[in-house]
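Read the structure below first, then the notes.
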Amino acid sequence: MNKSKKNLLVLSFHTCPLGKLGTESAGGMNVYVLQLSLALEKLGFSIDIFTIDHSECTEKITNITTNIKVIHLNTVQQNISKEDLYNHIETFKRQLINYINEHNIIYDIIHSHYWLSGIIGKDLSQVLGINNVVTFHTLAEIKNQIKGQQKESQIRLEKEQEIVKSTGTIIVSTNHELEVLTNRYQIDSSKVKIIPPGVDLSLFKPKNKMNSLKQIGMGKGPIIIYVGRIDPIKGLPVLIEAMKYLNPDKKPKLLVIGDNRIQNDATDQSFELIRRYKLEKHITFIGTIEQAQLPLYYNAASLCIIPSHYESFGLVALEAMACKTTVIGTKVPGLESIIQNQYNGVLVEVNSPQKLASAIEKLLTNVDLNIQIAENGYKKSKDMTWDSFALKTSQIYENLIN
């Protein structure tokens, strides 16, 4: 690495930032890590991202740019569950330290993403004598409050407490995360920095709707879209249930962008609801697509629906807003931090199919209102870029390095 630059060690243990979005372990955090790294490079950082080997990995070291590379450590067997990864942390850590020693690298700071990486970062911080910044992305205490969701392990709860106590700086996306950390994890609020993520405005931008519909083979529409992992916490079954309440003569086409091959309660329930309500001709599973293709689908859609039971932030909402597509989301802290209800988006109660259906019908029939909300959402997105996010993050790094 180039010592004229600041050398950043990024830990993304359980998921590779190059992983295909919409699969079981690839979502907003992958975008966050990659886009932050690209923006930090412009500010003079050289970045090594360490992650586990995975099925899509063809090379141990992938050079994203001149100053950013992803290093895949062959720690575990392919496609191991996230719950079992904890048992492989020590192996990963040993391999990482060996890599650092073999390549004679001197890092200036560590940034750990998610609690599993936080464990590794906590120990590496002591070994290397440098600071460890942590972004949890999700917290066990928050997830355990979500009705109907599987409880997080006691190990995770205990390890998050250890990480919080030993880490000097934690970056969060919302005030809600700050409140949870101070109230439930008993952390000094001065250790927590709120920096909302951004959106790539060079990629996500408005395009002609009719041309976009034509390019994806959807005729005149209207279509609505769901973008994300098909995971119980993301609430896809709620959206499918809402589809049954829509006017049968004017029912929009729902496109689901995400890996529908994942075996979990959300996929099973989704397909069961589609069969029960005979919605086969109204719902199409697109599968996973490259991020570069996403703007085409956002622009083709009349609405982007985010029916989540929980969102730590909601990058999908920001991407849709940047494409001037109206977002209907749920009243969860991550979405409430960027959506002002009935102004730059619409928020409905969590797990309320009928209220969701009502909001969809209202915006599909009231075109002027839809356009106005989309315009306000677009204006909101213009203020939230990865460059501004990286600048604030780099200032935290610089203070800790100095």
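The values are calculated or read from the model by the stated rules, or taken from the named source; none is laboratory data. Bear in mind the structure is a predicted one, so any value in this text is a computation, not a measurement. Neighbour counts are summed over all protein chains in view; Cβ atoms, including those assigned to glycine, are modelled from backbone coordinates with ideal geometry.
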Among residues of region 168-183 being in a loop (DSSP other than H, G, I, E, B) and modelled with pLDDT of 95 or more, the residue surrounded by the fewest Cβ atoms within 10 Å (Cβ to Cβ) is 174
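Could you check region 1-82 for strands (runs of 3 or more DSSP E) lying wholly inside it with 1 or more residues that are touching a helix residue (DSSP H, G or I) at 6+ places or on another chain (Cβ under 6 Å), at pLDDT below 70 and charged (D, E, K, R)? Reasoning before the result, please.
On the way: elements: 6-11, 45-52, 61-63, 68-73.
Where strands (runs of 3 or more DSSP E) fall fully within region 1-82, none carries at least 1 residues being touching a helix residue (DSSP H, G or I) at 6+ places or on another chain (Cβ under 6 Å), at pLDDT below 70 and charged (D, E, K, R).
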For region 118-145 the number of residues that are of a type in the set (A, V, I, L, M), over 21 Å from residue 197 (Cβ atoms) and in a loop (DSSP other than H, G, I, E, B) is 1
Scanning region 90-117 residue by residue, those in a helix (DSSP H, G or I) and within 23 Å of the chain's Cα centre (by Cα) turn out to be 114, 115, 116, 117
Scanning region 154-165 residue by residue, the ones that are surrounded by fewer than 16 Cβ atoms within 10 Å (Cβ to Cβ) and not acidic (Asp, Glu) total 3
Requiring at least 1 residues that are closer than 24 Å to residue 367 by Cα, without any contact (Cβ under 8 Å) to a residue 40 or more places away in the chain and of a type in the set (Gly, Ala, Ser), the helices (runs of 4 or more DSSP H) wholly within region 226-337 are 315-322
Those residues of region 169-225 that are in contact (Cβ under 8 Å) with a residue 40 or more places away in the chain and over 24 Å from the mean Cα position of the chain (by Cα) come to a total of 9
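Tell me, which residue of region 260-311 that is hydroxyl-bearing (Ser, Thr, Tyr) and surrounded by fewer than 19 Cβ atoms within 10 Å (Cβ to Cβ) is nearest to the chain's Cα centre (by Cα)? Break it down into steps so the answer makes sense when it comes.
Residues of region 260-311 hydroxyl-bearing (Ser, Thr, Tyr): 267, 270, 277, 284, 288, 297-298, 302, 308, 310.
Going one step further and asking which of them are surrounded by fewer than 19 Cβ atoms within 10 Å (Cβ to Cβ), we end up with 277, 284, 288.
Working: 277: 31, 284: 23, 288: 15 Å.
The residue in question is 288.
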When residue 105 is run through (1) farther than 22 Å from residue 45 by Cβ; (2) surrounded by fewer than 16 Cβ atoms within 10 Å (Cβ to Cβ), the failure sits at (1)
Scanning region 241-274 residue by residue, those hydrophobic (A, V, I, L, M, F, W, C) and under 20 Å from residue 314 (Cβ atoms) turn out to be 242, 254, 255, 256, 257, 266
Residue hits (region 231-242; surrounded by fewer than 23 Cβ atoms within 10 Å (Cβ to Cβ) and touching a Lys or Arg at 6+ places or on another chain (Cβ under 9 Å)) are 233
Requested in this report: Kindly indicate whether residue 162 is at pLDDT 95 or above, over 22 Å from residue 397 (Cα atoms) and over 19 Å from the mean Cα position of the chain (by Cα).
Outcome: no
Query - Hey, residue 93 crowded, with 19+ Cβ neighbours inside 10 Å and on the phi < 0 side of the Ramachandran plot or not - result: yes
Quick count over region 338-351, residues being without any contact (Cβ under 8 Å) to a residue 60 or more places away in the chain and outside any strand (DSSP E or B), is 6
